[in-house]
1. Condition test on Ala230, is it in a loop (DSSP other than H, G, I, E, B) and either in contact (Cβ under 8 Å) with a residue 12 or more places away in the chain or touching a strand residue (DSSP E or B) at 6+ places or on another chain (Cβ under 9 Å) (or both)?
2. Criterion first (within 45 Å of the chain's Cα centre (by Cα), farther than 28 Å from Ser275 by Cα, touching a residue at least 40 places away in the same chain (Cβ under 8 Å) and open to solvent by less than 70 Å² (accessible area, probe 1.4 Å)) does Ala350 satisfy it?
3. Condition check: open to solvent by 50 Å² or more (accessible area, probe 1.4 Å) and either closer than 19 Å to Ala29 by Cβ or touching a helix residue (DSSP H, G or I) at 6+ places or on another chain (Cβ under 7 Å) (or both). Does Asn118 satisfy that?
4. I need a count of the residues in the stretch 284-312 that are open to solvent by 40 Å² or more (accessible area, probe 1.4 Å) and either in a helix (DSSP H, G or I) or aromatic (Phe, Trp, Tyr) (or both).
5. For the stretch 239-265, what are the residues that are part of a helix (DSSP H, G or I) and either surrounded by fewer than 14 Cβ atoms within 10 Å (Cβ to Cβ) or in contact (Cβ under 8 Å) with a residue 60 or more places away in the chain (or both)?
6. Among the residues of the stretch 7-37, how many are farther than 18 Å from Phe93 by Cα, part of a helix (DSSP H, G or I) and touching a residue at least 24 places away in the same chain (Cβ under 8 Å)?
7. Do the conditions hold for Glu206, that is, is it within 18 Å of the chain's Cα centre (by Cα) and closer than 20 Å to Ala376 by Cα?
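The values are calculated or read from the model by the stated rules, or taken from the named source; none is laboratory data. Only a predicted model underlies this, so the values are computations on that prediction, with no experimental measurement involved. With ideal geometry, Cβ positions are generated from the backbone for all residues, glycine too; neighbour counts draw on all protein chains shown. SASA here: full protein model, heavy atoms, side chains in, ligands and nucleic acids out. Shrake-Rupley method; radii C 1.70, N 1.55, O 1.52, S 1.80 Å.
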Amino acid sequence: METGAHAREVRRIMRAVRLTMALRRKLKAPVLSAFLNFALAPGSEAHSRLLSYLPKEDEHEMEVDTASSGAPAPAKHPLPELEIYCYLLVLIFLIDKKRYNEAKACSSASIARLKNMNRRTVDVLAARLYFYYSLCYELTGDLAEIRGARGLRIRSNFGVCLCNRNLLALHRIATLRHDELGQFCRYLFYLGKIRTIQLEYTDAKESLLQAARKAPVAALGFRVQCNKWAIIVRLLLGEIPERTVFMQKGMEKALRPYFELTNAVRIGDLELFKSVAEKFSSTFSSDRTNNLIVRLRHNVIRTGLRNISISYSRISLADVAKKLRLDSANPVADAESIVSKAIRDGAIDATVDHANGWMVSKETGDIYSTNEPQLAFNSRIAFCLNMHNEAVRALRFPPNSHKEKESAEKRRERQQQEQELAKHIAEEDDDEF
């Protein structure tokens, strides 16, 4: 931890955090007390506060361990990274011991301390503390405390969505400080859900896919939720997700209802869509995607109508209503309205003969004579470029590596010059002799 702080190497801090997660089962009050005495100055504000959170049952054992540790005297001015690391250790210990009230107080104190720090080597520790901060309030049932009454309210078909004001404020601070680790994936996930509710499907799709891509491999449940919402959003955009999306390792069973739903939308079968929605209604209710699936009905009808327009050059509106399986009181009138709207929106290339009650489809032209292939390639190229830019931004290099390279080259050049000078002096001495 000290080496990473002095050399400003974030990877060393990350390594220390990973080792801590592996040793968390061995954390005990005497060990933590001894470590706090070693790492922090006795009597300091952080030292006194953190010791107050630890249980007092084993005071004698704590004194013995502290005295027998043989640790050197602590520094008068400890590193900020070390202080935040102490907060993290105590917080993990309290959560593991199910002392949630003390953990909530400790997490709040750690967040207050973090607001006064702006160091890249602290970002790794801050990202962990943000997670445990939210977890502590959730475990105590006090999540509403970090949701300000003046938070962001968004009215939608889902009711009123109250955004977490404190956590969004922390994300804003992390963004202003270029703390990429603190800009956690859950923010992108919730942002994608909000944009979906607001009918901003294109932006919602981008946010949800980024959240799924940036999420850790171990966070399977979170990635499943991201994929569920991303599938619905893509269907609402008129896209059909690839089969590989549903075949991801560990997600096949969870995504099965959405696979059957996608199949119904792809075929354009309204009856099959209704049966799938009823079959998995409990799943969709628990995922809170019921209202989004209701919106998909219009897409199913439009897909079926597109298939009909491709298959028939002329078809009666009564047959269109039968094939679409419209179960309204006046299906022919509904079919006429649906066809007219689809023609106006450009979904199908056809005309309506109102006198005879026909839909007349125009000849299917060459799609490569339109701009659709260009638009498809443009979207793919933009996706690849964005992924490349993100990969470049995520690259890490050893600090001052270019300076070390320059110094090595200069050292080699100086040695070569010294060797040439020595050789030249030796030749002159031989000539004089």
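1. When the stated conditions are applied, Ala230 does not pass them.
2. Yes.
3. Judged against the criteria, Asn118 is not a match.
4. 14
5. Result: Arg243, Thr244, Arg256.
6. Of the residues in that region, 5 qualify.
7. Yes, satisfied.
Here's the yes/no breakdown for (1) at pLDDT 90 or above; (2) over 14 Å from Leu296 (Cα atoms):
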position	(1), (2)
Ala230	yes, no
Thr244	no, yes
Lys249	no, yes
Asn263	no, no
Leu270	no, no
Phe273	no, no
